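Q: Below are the structure tokens for one structure; questions will follow.
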Amino acid sequence: MPEVPGSVSKDEYKIERYKYILQQLSNLNENVHKYLSLYQTLATAITGGCIAVFVSWKTLQINAEVAKVGIRGLLGLFIILTIYILFSIIVGIISWIDYRKEEVELLDREVEIGFRKPPKEINFWRWSESYLIAFLLIVLIVVYVFVEYKVLPLIK
């Protein structure tokens, strides 16, 4: 069958698809760093807000209950932020696994079977994202416990 002028051949399409898959894998890897930067910036701002309320509630003549509600509100915002970042990282991992499987299938067809091995979810302990998820969960728990049991009881 003759090629239509301006059309893409099967081989060109496969090459473009492979480039696209590699680009998506790279973007997913970069996204984790973007999420971490976003988290660091917003968590610092929220923490600053909590400290500002805690330090100045008497000076500003804010009722103790209102100060507690303000701090709990900021704590809730911190929890929502952390959950959003955790879900974003988890979805990124799932997408990365899908793209890697697609890459392996393409290479199996076009190069040779077994040219590149598919990812194994059992190797999660080797992924930096796994440790980031664990770290964010630990930070979330420590911050929550600290605020609820050390900071808020000081506001009377």
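The values are calculated or read from the model by the stated rules, or taken from the named source; none is laboratory data. Small disclaimer: the values here were computed from a predicted structure and weren't measured. All Cβ positions, glycine included, derive from the backbone under ideal geometry; neighbour counts span all protein chains shown.
Conditions (1) under 25 Å from VAL147 (Cβ atoms); (2) touching a residue at least 40 places away in the same chain (Cβ under 8 Å); (3) in contact with a His (Cβ under 8 Å, 6 or more places away or on another chain); (4) part of a helix (DSSP H, G or I), marked per residue:
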site	(1), (2), (3), (4)
ASN31	no, yes, no, yes
TYR39	yes, yes, no, yes
THR44	yes, no, no, yes
GLU65	yes, no, no, yes
PHE78	yes, yes, no, yes
GLU112	no, no, no, no
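Q: While we're on this one: Which one of LEU74, LEU86 is within 28 Å of GLU129 (Cα to Cα), touching a Cys at 6+ places or on another chain (Cβ under 8 Å) and surrounded by 14 or more Cβ atoms within 10 Å (Cβ to Cβ)?
A: Criteria check complete, one pass: LEU74.
Q: Here is a check on your reading of the model: is GLU129 in a helix (DSSP H, G or I), farther than 21 Å from THR41 by Cα and in contact (Cβ under 8 Å) with a residue 60 or more places away in the chain?
A: No: the conditions fail for GLU129.
Q: Of the conditions (1) of a type in the set (Gly, Ala, Ser); (2) surrounded by 13 or more Cβ atoms within 10 Å (Cβ to Cβ); (3) free of Cβ contacts under 8 Å to residues at least 12 places away in the same chain, SER7 fails just one. Which one is it?
A: (2) is the only condition that SER7 fails.
Q: So how many residues does segment 23-40 have that are out of contact with any helix residue (DSSP H, G or I) (no Cβ under 7 Å at 6 or more places or on another chain) and hydroxyl-bearing (Ser, Thr, Tyr)?
A: Of the residues in that region, 2 qualify.
Q: Looking only at segment 90-139, which residues are farther than 20 Å from SER26 by Cα, exposed (fewer than 14 other Cβ atoms within 10 Å of the Cβ), at pLDDT 90 or above and of a type in the set (Val, Ile, Thr)?
A: ILE138
Q: Quick one: in segment 20-29, which of the residues that are free of Cβ contacts under 8 Å to residues at least 60 places away in the same chain and within 18 Å of the chain's Cα centre (by Cα) is surrounded by the most Cβ atoms within 10 Å (Cβ to Cβ)?
A: Looking at the filtered set, the residue picked out is ASN27.
Q: From (1) surrounded by 12 or more Cβ atoms within 10 Å (Cβ to Cβ); (2) over 22 Å from the mean Cα position of the chain (by Cα); (3) among the hydrophobic types (A, V, I, L, M, F, W, C), pick out the condition that doesn't hold for LEU38.
A: (2)
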